[in-house]
1. Looking at (1) in a loop (DSSP other than H, G, I, E, B); (2) buried (at least 21 other Cβ atoms within 10 Å of the Cβ); (3) of a type outside the set (Ser, Thr, Tyr), which is the one condition that is false for ILE128?
2. Please go through region 270-294 and give me each residue that is hydroxyl-bearing (Ser, Thr, Tyr) and crowded, with 16+ Cβ neighbours inside 10 Å, ordered by number.
3. Since PHE203 meets every condition but one in (1) closer than 14 Å to ASN253 by Cβ; (2) aromatic (Phe, Trp, Tyr); (3) under 14 Å from the mean Cα position of the chain (by Cα), which condition does it not meet?
4. Could you check how many residues of region 366-378 are outside any loop (DSSP other than H, G, I, E, B) and touching a Ser or Thr at 6+ places or on another chain (Cβ under 9 Å)?
5. I need the full set of residues from region 92-112 which are over 24 Å from the mean Cα position of the chain (by Cα) and surrounded by fewer than 17 Cβ atoms within 10 Å (Cβ to Cβ), in order please.
6. Only one of these is under 30 Å from ASP102 (Cβ atoms) and either in contact (Cβ under 8 Å) with a residue 12 or more places away in the chain or in the same structural domain as LEU406 (by TED's automatic domain parsing) (or both): ARG162, ARG225. Name it.
7. Listed residues LEU364, LEU370, LEU329; which is under 22 Å from the mean Cα position of the chain (by Cα) and over 30 Å from ALA69 (Cα atoms)?
8. Out of the helices (runs of 4 or more DSSP H) lying entirely within region 248-341, which hold 3 or more residues that are under 30 Å from TRP212 (Cα atoms) and either in contact (Cβ under 8 Å) with a residue 12 or more places away in the chain or outside the structural domain of PHE230 (by TED's automatic domain parsing) (or both)?
Amino acid sequence: MQENGRDILEVTEVSGSNMQTDVISTTVDAPLPTQQSRRELFANKLSSWYVDFKNALSVYIPVHLAFFAISCLAVLFTVGDFSTQAKPLYTLWQSWDRWDTDFYISIPLHGYNVKYSTAFFPLYSILIRAAMVLIHSPFVAGLLISDLACLGALIVLYRLVREDFDTERAWRAILYLSLFPTAFFLAAAYNEALFLFLSLLSFYQMRHGCWWLAGLFGFLAGLTRLAGIFLLIPFCYEYLQQHQFKLRNIRCNVLSGLLIPMGVGIFSLYCYMQFGDLLAFSHAQQRWSRQLEVPWYGIVRSFYSITHNSGYLSFQSLRNVLDLIPVLLFLALAILSFVGPWRFPRRLLSYGLYAAILYFFFLLSPVTNLYPLVSLPRFMLELFPGFIILADVGKNRMFHMTYLMLAGTGLFFLLMQFLTGHWIV
């Protein structure tokens, strides 16, 4: 290979059944790429990204067509049988205007005029405000931003998995993500799709050793959600690993990692200037009865809520079951990231580290009422390494079909509930 005007030799060491590939840089001078070769490299890379775009589109379009069909069918749940009433066409997109969407479209219009609105980080609302130059409706602008970010996330996830693993696993990963029961939030006017897109871009740049770009996208992710700050964990691991864990190999570009927490830091400074509270976004969680607890509190409390009520087929029990199953699934996936036949190899340990730290962060602030894990199934969408593990398990045909059937059923049901105004947040 050739890199930065130097020849790169790949040396393979074989010991028993283990094979390890080391990349050794030699001092043999090599000609720098010409302008024509640079154009060819750029054209090849562009062509490669286009192929990834088409593969992502093969999942994105059918799933979004299904969302459209479900939006149409949901009307039957809002009119009586044999009714002559006809809903206006704008019902198809206005039915997506639910719950937290009000905050995301209020901030671009009125700013942070109340302290508890700081629970919603600013970048998504800033983009909505910018899009309103062309699109008058902040809600429609929010939908468009989410849908574009969702497509971008699928493209980057596909490419990331294809480069680090293989094409088949990459396709299953984006399919499993797109059919996850709460995946419709990636198309709703929520900031989930934007955060996932930016965190994947940051992770992709880390894997390629583009540290300043990784820091920049991490900074933007931190302006989108507080969870963005945890991209610093895989950044540090990737940097140290790619520099052989030797201090003498560290360069000044390690400072690019400081960009990642700066996103949260800037918003924190704004909160202080606006409300006199550096952690206003954290204190605002009390409005939704969230508070700091030990990681297992929410899971234990959810089991208690299922078993200690009027019956298993009650609203309380079934809603807790719907919240608990995805949380337990991703607990298993976080464990499988480190142990067992599907674990990440050491060179890719940053995937597992990111999934584990983000998972336990989400568990630290449950809701202190009868529904302690509310919203966590939506947060699981951000744990993209879990879908990579799922995609590996999905090589088993029985598991693959079972996941598609169960996840698709859950996705249809929860989206129908969401569109008809039921409590799905």
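The values are calculated or read from the model by the stated rules, or taken from the named source; none is laboratory data. Please read these numbers as outputs of a predicted model, since none were measured by experiment. Neighbour counts run over all protein chains shown; Cβ positions are idealised from the backbone, glycine included.
1. Here ILE128 clears every test but (1).
2. TYR270, SER282
3. If we test PHE203 against (1) closer than 14 Å to ASN253 by Cβ; (2) aromatic (Phe, Trp, Tyr); (3) under 14 Å from the mean Cα position of the chain (by Cα), just (1) comes out false.
4. So the count comes out to 3.
5. LEU92, GLN94, LEU109, HIS110, GLY111
6. None of the others qualify; the one that does is ARG225.
7. Of the residues listed, the single one that is under 22 Å from the mean Cα position of the chain (by Cα) and over 30 Å from ALA69 (Cα atoms) is LEU364.
8. Details: elements: 259-275, 280-283, 297-307, 315-336.
Ranges flagged: 259-275, 280-283.
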